[in-house]
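These notes are about the structure you will find just below.
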Amino acid sequence: MKFEKEFKVEQQIDLPIAEVFDFFSRAENLQRITPPLLDFKIVTPLPIEMKTGTLIDYRLKVRGLPMRWRTLIADWQPPHRFVDTQLKGPYSLWHHTHEFEALSPNSTMIRDTVRYRLPFGPLGLLVHKLIVENDIRQIFDFRLKEVPRLLMEKK
């Protein structure tokens, strides 16, 4: 669909795939890799058993506006892949694929692919260009810094 956008980012971490996937498989770590500006909180009681079909509810603020977000773990393939999709939130479509590839016994490539669409057709495209595109980039730039810091902190 012409209003759908895609964002991709990858990052190499010098740790085994099992350790990297384990970090991402704990929902509470999502709060740790989300910029504080979003005031992101998991509402679903922890710990959350991650598997296909798991539902997770969050509260956050987008540009100061409070909102709720619900995701479904649509695909769960440890330690290589999982997909979360938005069931309730600000997007008409949010489909986030997390992929993990062992480059060597002690090195992992993390790939994120987000397909998304804003509501309101052409108006949504304008909002995307003016605001959302930059916001998504800032969220993932924060993650690119925080993920290695938090993973290496454990060592």
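For the subset of region 61-83 comprising residues that are at pLDDT 95 or above and among the hydrophobic types (A, V, I, L, M, F, W, C), which member is farthest from residue 96 (Cα to Cα)?
Top of the filtered list is 69.
Find the residue count for region 1-29, including only residues that are at pLDDT 95 or above and either among the basic types (Lys, Arg) or closer than 22 Å to residue 92 by Cα (or both).
Adding up the residues that qualify gives 3.
When the residues of region 11-61 are narrowed to those that are surrounded by 15 or more Cβ atoms within 10 Å (Cβ to Cβ), touching a Ser or Thr at 6+ places or on another chain (Cβ under 9 Å) and of a type in the set (Asp, Glu), which ends up nearest to residue 78 (Cα to Cα)?
Here the residue is 19.
Taking region 74-93 as the search range and keeping residues that are in a strand (DSSP E or B) and touching a Leu at 6+ places or on another chain (Cβ under 8 Å), which one is surrounded by the most Cβ atoms within 10 Å (Cβ to Cβ)?
Per the criteria, the residue is 84.
Residues of region 102-116 being surrounded by fewer than 15 Cβ atoms within 10 Å (Cβ to Cβ) and assigned to a strand (DSSP E or B), which ones?
Listed by number, the residues that qualify are 103, 104, 111.
Which residues, counting only those in region 15-70, are among the small types (Gly, Ala, Ser) and either in a loop (DSSP other than H, G, I, E, B) or in contact with a Gly (Cβ under 7 Å, 6 or more places away or on another chain) (or both)?
Within region 15-70, 25, 27, 53, 64 meet the criteria.
The values are calculated or read from the model by the stated rules, or taken from the named source; none is laboratory data. Computed from a predicted structure; not experimentally measured. Reconstructed Cβ throughout: ideal geometry from the backbone, glycine too, with neighbour counts over all protein chains shown.
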